[in-house]
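Note sheet for the following structure.
The values are calculated or read from the model by the stated rules, or taken from the named source; none is laboratory data. No experiment lies behind these values; they were computed from the predicted model shown. Here Cβ is always computed from backbone atoms with ideal geometry, including for glycine, and neighbour counts include all displayed protein chains.
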Amino acid sequence: MRSLLATLARRAFSETDTDEQRLNKSLLIFASGLMGFGAMVWLMIYWAMGIRFPATIPVGYMLVSAATLGVYLWKGNFELFRFSQVTLFLFVPFIMQWSIGSYVTSSGVMLWALLAPLGVMIFQGWRESMPWFFAYVVMTAVSGFFDYYIGYGEDVGLPAHSVAVFFALNFATMSAIIYLLMSYFVRLRERLERRLAEQHRLLQIEQEKSERLLLNILPQPIARRLKDDQSTIGDGFSDVTVMFADIINFTRLSEAMPPRYLVSLLNEVFSHFDVLAEKYGLEKIKTIGDAYMVAGGLNEDHRDYSDAIASLALEMRDYMASRSGVHAQKLQIHIGIGSGPVVAGVIGTKKFIYDLWGDTVNIANRVTAEAAADTILCDAATYRRLRERYEFEGPLTLHIKGKGDMVAYRLIGKPSPG
């Protein structure tokens, strides 16, 4: 039995059906079953009360309805099945009424025809239901016209109590069918809403993951702009402080390390740098091999970004000095800091990156290369804004490729209290 039902379900529903299409198909099959069952019960009650009403119309309806269902399961043409069933819903109750006599003698059996426009409204929409409702009204008016002017059915001889019983039966059955259809529709809709809510929840989780991933790549204001506007993002900043921190001799050290250990080591160091950069409200730009680039003055944090960069550099230096040895050697870094105008923007469409360009970036990078192990070099612009709050050595004259001689200062630390 279960295998038969499973086979029928596969025939009735397609894998490509949307949830709404499955809902409509389920409702129509359910409604046609209710109508067939109702017609059979209606006939049996007539016979049980001793009224030998011809079985041709209700039995014919059940046979035609079953045939249309069979054709649908065979051919899979839901539009034809829907049209044929709604047509039966509309015309059969009127045919039954006319065969009995009038509104009164048929106990208002034509009320069943109201399922046609109601069904189309549920299955297709209110616009599509309007012609069916118009047809229902016209046929009701025609039936009333014949009842009024011809008086057909007055002498059929149905007992008054039988007419009363079937009035109650027709209205109760029709009301029950409408109620069952609507309750079935509501239950399916609620089930669909729960599924949609669950899908929406999962979608929100994925969106939050994507948001976090995007924020790990781009600054928050840039990520927001990139989502809202697909045009090229490029900004000029009149003053930014840029810092590079480079691990010394890491290439030589890495030659003796297994790849997994090498990546683990870099991840440990740079993850700690990430925590420090976030602590000071600075923007990590990127890592380039064994170098770490960070900048201040790009985001909406209004703290003194040059001071924050200096504090970050000192804490990075102290952290690296306190690490245990690696292959009998400590990891050492040298750091360079430069301040001035930069251009910032997002480049690329795949594996895109937020980057900085300009003379300030070049200076910070070049002074990093000139800094000795475990030292921090700053350009003159950075020194001038920090000299009252930090201790420096210098000036030092550096010969920078492409720049010639340049003055730099070695950042020592914060002055001791007192």
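Structural remarks
- Filtering region 378-399 to residues that are over 15 Å from Val242 (Cβ atoms) and β-branched (Val, Ile, Thr) leaves only Thr397.
- Subset tally (residues that are modelled with pLDDT under 75 and loosely packed, with under 15 Cβ neighbours inside 10 Å) for region 20-44: 1
- Identity of the residue in region 61-97, charged (D, E, K, R) and under 19 Å from Pro117 (Cβ atoms), that ends up surrounded by the fewest Cβ atoms within 10 Å (Cβ to Cβ): Glu79
- Checklist (1) surrounded by fewer than 22 Cβ atoms within 10 Å (Cβ to Cβ); (2) modelled with pLDDT under 90; (3) in contact with a strand residue (DSSP E or B) (Cβ under 6 Å, 6 or more places away or on another chain) applied to Ala344, failing item: (1)
- Strands (runs of 3 or more DSSP E) contained in region 308-397 and holding at least 1 residues within 19 Å of Val269 (Cβ to Cβ): 333-347, 376-379
- Residue list for region 351-386, restricted to those being without any contact (Cβ under 8 Å) to a residue 24 or more places away in the chain and in contact with a Phe, Trp or Tyr (Cβ under 8 Å, 6 or more places away or on another chain): none
- Residue pairs meeting the criteria (Cβ under 9 Å; at least 6 apart or on separate chains; first more than 23 Å from Ser311 (Cα to Cα), in region 259-283; second among the small types (Gly, Ala, Ser) and surrounded by 12 or more Cβ atoms within 10 Å (Cβ to Cβ)): Leu262/Ser254; Leu265/Ser254
- Yes/no for Phe250 being at pLDDT below 85, aromatic (Phe, Trp, Tyr), closer than 29 Å to Trp357 by Cβ and buried (at least 17 other Cβ atoms within 10 Å of the Cβ): yes
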